[in-house]
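Read through the structure below, which is laid out as structure tokens, and then see the notes.
Since every read-out is calculated from the coordinates, none of them should be taken as a lab result. For clarity, every value in this text was computed on a predicted model and none was experimentally measured. Cβ coordinates were reconstructed from backbone atoms using ideal geometry, including for glycine residues, and neighbour counts include every protein chain displayed.
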Amino acid sequence: MRAEKVREEFPVLRKWIYLNTASQGLIPKRTFKKLLEPISVQEKGELLDIHLEEKIPMDARRQVAKLIGAHPDEIALMTSTTPGLKVALLMINLTEKDEILSFDLEFPGVSSVIESYARFKGCKVKVVKHRNGFYLPEDLEKKISERTKVIVSSSVQWVNGLKMDLKFLREIADKCGAYLILDSIQHVGSIYFNVNDVKPDFVAVGGEKWLLSPWIGVGFLYVSRSILNELDFPCYGLINRDRPPEGWEKYWPKIDKEPWKLSSPCSKASKLEWGGTPPIAPISAFAESVRLLNEIGIEKIHCHNLKLKEKLVEELVEYGATIVSYTEDKDSWSSITTFRFHRDFEKDLIIARKLREKGIVVSVRGCSNIGGIRVSPHFYNTEEDIEKLVEGLRKLRP
């Protein structure tokens, strides 16, 4: 990757050293342009192209599928991670006898969906507790039983950047006959992720972080083809169903159509989408951001991001910082690094605020008694950005 070429897409980097993609990604210039493109024709006095209602969502599904090694038929577009998690759970009809397994470092948005769903269904939630930010296999095995029907986990934990052992999660799920649902918003787009390696049943991802689409309101839900038509969904919109044999353009003028005689839900994951007219302009923008990631290549992005992490960790350890949940096992690394200087959490919070005043953007995150200053560079960052961060830390904490 040529850093100067990449950084031209992100004008904000002229002013800020932005190391906070785990909170919110940056929007490429080409994505801004694409956001307006589908609807800007009316400004020129032309009518909107109704065929784009099918073409643009299909393009977005293809770009996502390419990024994660899936088939486009396995991709449903969503507004963010949370709706994807809701859809996944609603497809799995649990009873009062069933149990859901999850983890104590999960993002509160994940736990909120699980808690409310379990309360509605009357089923039980079991939570695995971390040990210094890590999850031991024996702790998971103690929690599962023949009643465990769903395992919900972030593939990369948001607080400490721990990449979960996804193959082990798949083994555990298979052992008790459970579905595996992953929240991969802190994973997909930042480091390598391929559904053929992991074999999850569902993967929910919002576009606002590593997929470079904040405030655009588009993400996706992956549903494995092996279960796509095994499970049902409570309700479908008209566009979630198979196209009329004659096509939509000829369907609408038909005077003898009966609104209660409907085609079957389609066999693709798109049957889980909006079901009415999709938000074409945001979907077009989202697809353009994912296209940029595909053009660069997720393998190159993975290597670049972990190289930045390695440099950051080396600098921080030399400087005397404590890396939260540090491991030398790079298979467990993500683009997120969390560290601390003080036992007093407020002191680290003050450091992060002062860094921002100097134009260096990081965040502070905590959960289940671990946390600290969180740094999350993406492919648009450079080693010089890391050096400037460490220089800023030295000035604030001599």
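Fewest neighbouring Cβ atoms within 10 Å first, the residues 9, 387, 4 line up as 4, 387, 9. Between 0 and 90 degrees, the angle of helix 166-176 with respect to the longest Cα principal axis of the chain falls at about 60 degrees. Sorting 15-26, 372-383 by their mean Cβ neighbour count within 10 Å, with the most densely packed peptide first, gives 372-383, 15-26. The angle between the Cα long axis of helix 52-68 and the longest principal axis of the Cα atoms of the chain comes to about 40 degrees, rounded to the nearest 10. Taking the inverse of the mean 1/r over every pair of distinct Cα atoms in the stretch 287-345 gives a Kirkwood hydrodynamic radius of 13.2 Å.
Axis of helix 383-396 versus longest Cα principal axis of the chain: the two differ by about 50°, to the nearest ten degrees. The GluC sites (Glu not before Pro) of the stretch 116-200 that meet both conditions, a loop assignment by DSSP and at most 13 other Cβ atoms within 10 Å of the site Cβ, are 146.
Here are some pairs, 34/354; 33/250; 124/330; 86/209; which of them have Cα atoms lying more than 30 Å apart in this structure? Too far apart for the 30 Å limit: 34/354; 33/250; 124/330. For the stretch 63-151, the Kirkwood hydrodynamic radius comes to 14.7 Å, computed from all pairs of different C-alpha atoms. Relative contact order of the chain, please, whole-number percent, based on alpha carbon pairs below 8 angstrom and at least 6 residues apart. Once divided by the residue count of the chain, the mean separation gives 24 percent. Here the convex hull built on the C-alpha positions of the stretch 102-241 has a volume of 134 cubic angstrom per residue.
Check the straight Cα-Cα distances from residue 199 and name the lysines below 17 Å, setting aside those fewer than 8 residues away within the same chain. Partners found: 66, 149, 163, 167, 175.
Candidate values [x] 1.20; [y] 1.05; [z] 1.14 were compared with Cα Rg over 2.2 N^0.38 Å computed on the shown model; the agreeing label is [y]. Its Cα centre serving as origin, the chain has a Cβ charge dipole (Lys and Arg +1, Asp and Glu -1) of approximately 720 debye.
In this structure, residue 145 and residue 73 have a Cβ-Cβ separation that, at R0 = 25 Å, corresponds to a calculated FRET efficiency of about 0.15. DSSP finds beta bridges in the chain, and of those with both partners inside it, around 50 percent are antiparallel.
Each Lys or Arg adds one and each Asp or Glu takes one away; over the other residues whose Cβ falls under 12 Å from the Cβ of residue 277, this sums to -3.
Ordering 316, 349, 336 by the projection of their Cα atoms onto the charge dipole of the stretch 303-361, which places +1 on the Cβ of Lys and Arg and -1 on the Cβ of Asp and Glu, puts 349 at the extreme positive end. Residues 292, 67 in ascending order of nearby Cβ atoms (within 10 Å, fewest first): 292, 67. Counting other C-beta atoms within 10 Å, and keeping those with at most 15, which DSSP coil GluC sites (Glu not before Pro) do you find in the stretch 189-255? Of the GluC sites (Glu not before Pro), the ones in loops of the stretch 189-255 whose Cβ has at most 15 other Cβ atoms within 10 Å are 230, 246. The fewest-to-most ranking of 187, 342, 302 by surrounding Cβ atoms within 10 Å reads 342, 302, 187. Note on residue 257: lysines with a C-alpha under 30 Å away, same-chain residues under 8 apart excluded, are 55, 268, 271.
Loop-located chymotrypsin sites (Phe, Trp or Tyr not before Pro) across the stretch 198-255 with a Cβ neighbour count of 13 or fewer within 10 Å are 215, with loop assigned by DSSP.
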